[in-house]
Structure formats: structure tokens, C-alpha cells
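Comments concern the structure below.
The values are calculated or read from the model by the stated rules, or taken from the named source; none is laboratory data. In this text, all values refer to a predicted model and were calculated from it rather than measured experimentally. Virtual Cβ from ideal backbone geometry, glycine too; neighbours counted across all protein chains shown.
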Amino acid sequence: MPTPAADAIHSKLRDALGSVREAVTEVRGFNARTSARNFFLGIPHPLGPMIVLRLQERLASAAPNISVAASTRSRPIDLERALREGRIDAVIDWVDPQDEPFKSALLFEDALIAVAREGHPALRKPASMQVLRDGRFVTMRPRVEREHPVPALREWQRMNLDVALEVSEILEVFMVVSQSDLFGLVPQSMEMLARHTLGLRSLGVSPKVSTVPIKLFWHASRDTDPAHAFLRKEIGTIAAKIVKRG
């Protein structure tokens, strides 16, 4: 008779072992329409919820038994560790994982833009860097304490903007800007949403820097998994469509 400890261990390992059996089986012959794999994504980018929703809708017909869920925290916890340990299958991010054999693919190019609420006095002034320097900002708490590894974000960091408020989620930036005289930094890929949904307007000026590459990351050990390859392809298709629509 199994002991209580054995039952507890079995309940935790049963699903994991089931996933391993499915993966081994699919190496011999993957079929999207019959596969019953479960995937979990990490998406700090604020388009994360829409990417997951559209991906689920697309898979409902192309791969009805494949399940996809995600964490869309703007400031993720132990993201690299979860990716390394297999608790997260893939990540959509702008910060490259370190010290592990990770693979990546470019999904789209983004950028940061400064925005203000509709009717803000600053929007009546000619666009200039001085307008940014004179303004006060709401920003996300930085994920990287040192100089940012992404050149475009490092240039914004070097401007030493007057930050009045730091928040933990990027959508809080949108909300605060829409209800105050603070400026905010938001992804250019969400400019149309910010304009039509919250009435935000771009200040029309930014440092002369390159764009921010938004990439899909995964552990090298998953590279030849056909179900994972199928998922990566579907994510790329969905992300391109969402960014194109704005």
C-alpha cells in the first residue's frame, strides 16, 4: 500500500511525467490537431494579454487540444529560472536571458514614446527635448538596476527624467497619465490603443536611439520539440498581426 508521502509525491509528478510522455511520443510524430500539450508563457510586454487571447482563439481551430496559459506580470519574478527549469515554456521579452543556452527569435521592433493626457498644456508647445526635461513622469520600477542592456532603453535612462511616481505594472502608467498631468513612457506598439481608449497623445519627441527588439526566448533543450516549434510559429504569426493592427 502506498504511504501518504508516496501519494503526495505521485500527485505532484503525475502531470509532469504525463507531459514528458507526450513530448517523447510527439518527437516520433507530432499532429497539431490531436496533440494535448499544455504550454505556459511568460510575457512581460503589455501586449501579453492580447497575444495570449488571440493565440488561444487561433489554436481553438488549428490545435483544439493544445492548452496555452501565461503570466503577464510587467515585472516578472525568477523568469530566467522558470524558463531554465521548464516551468515556463517560452518568454516574450526585451531583456535577454543570461548564462544559459537560450534560443531566440525576433517577433517585432518596438520603441518607447512619451505620452500625456489629451488637453495637457505641454501638447500646445512645440515638441522638444526641453518639454521632456521640464515634465514630471510616472514610470515602472526598473527591472535592471545597472545601465540597461538595451541601447534604446539605456538612452532614456541616461536622460535622468524627473520621476514623480514609480509603479509595478505598465498598465498603471497608462491609467495615471490619463488622470493626471504626469507624462508616461509607453510602448509605441500600443500608441493607437492609448490614443483611442484612454485619450493619450504622443509628445512627439524622444532620444535619437534605435528601436527595442521584442524577442521570443526558449531553452535550447526545447528547440527540436515539434510541438514547441509549432507553438513558436503560431506566436510569431499572432504577434505580427497584433502589432500591425496597432
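Within 30 Å of R81 (Cα to Cα) and either out of contact with any helix residue (DSSP H, G or I) (no Cβ under 6 Å at 6 or more places or on another chain) or not in a helix (DSSP H, G or I) (or both), is that true of L123? It is false that L123 is within 30 Å of R81 (Cα to Cα) and either out of contact with any helix residue (DSSP H, G or I) (no Cβ under 6 Å at 6 or more places or on another chain) or not in a helix (DSSP H, G or I) (or both).
What number of residues in region 214-225 are buried (at least 17 other Cβ atoms within 10 Å of the Cβ) and either assigned by TED's automatic domain parsing to the domain that holds P151 or out of contact with any Pro (no Cβ under 8 Å at 6 or more places or on another chain) (or both)?
If we filter region 214-225 for residues that are buried (at least 17 other Cβ atoms within 10 Å of the Cβ), which is where we start, we get 214-219, 222, 225.
Subset that is either assigned by TED's automatic domain parsing to the domain that holds P151 or out of contact with any Pro (no Cβ under 8 Å at 6 or more places or on another chain) (or both): 214-216, 218, 222, 225.
Total satisfying the criteria: 6.
Of the residues R117, R87, which single one is outside the structural domain of P44 (by TED's automatic domain parsing) and of a type in the set (D, E, K, R)? Don't jump to the end; show me each part of the working.
Values: R87 fails: outside the structural domain of P44 (by TED's automatic domain parsing).
R117 is the lone residue from the list that is outside the structural domain of P44 (by TED's automatic domain parsing) and of a type in the set (D, E, K, R).
Results for (1) touching a helix residue (DSSP H, G or I) at 6+ places or on another chain (Cβ under 8 Å); (2) of a type in the set (A, V, I, L, M); (3) in a loop (DSSP other than H, G, I, E, B); (4) not assigned by TED's automatic domain parsing to the domain that holds A239, shown as yes or no for each residue.
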| residue | (1), (2), (3), (4) |
| --- | --- |
| L132 | no, yes, no, yes |
| V138 | yes, yes, no, yes |
| L153 | no, yes, no, yes |
| V176 | no, yes, no, yes |
| L185 | yes, yes, no, yes |
| T197 | no, no, no, yes |
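Summed over region 219-246, residues that are closer than 25 Å to N31 by Cβ and not in a helix (DSSP H, G or I) total 4.
Test V144 against the stated conditions and say whether it is within 18 Å of P46 (Cα to Cα), hydrophobic (A, V, I, L, M, F, W, C) and either touching a His at 6+ places or on another chain (Cβ under 9 Å) or in a loop (DSSP other than H, G, I, E, B) (or both). Working first, answer last.
Details: within 18 Å of P46 (Cα to Cα): yes; hydrophobic (A, V, I, L, M, F, W, C): yes; either touching a His at 6+ places or on another chain (Cβ under 9 Å) or in a loop (DSSP other than H, G, I, E, B) (or both): yes.
Yes.
If only residues of region 57-75 that are of a type outside the set (A, V, I, L, M, F, W, C) and in contact (Cβ under 8 Å) with a residue 60 or more places away in the chain are counted, the one that is farthest from E166 (Cα to Cα) is R58.
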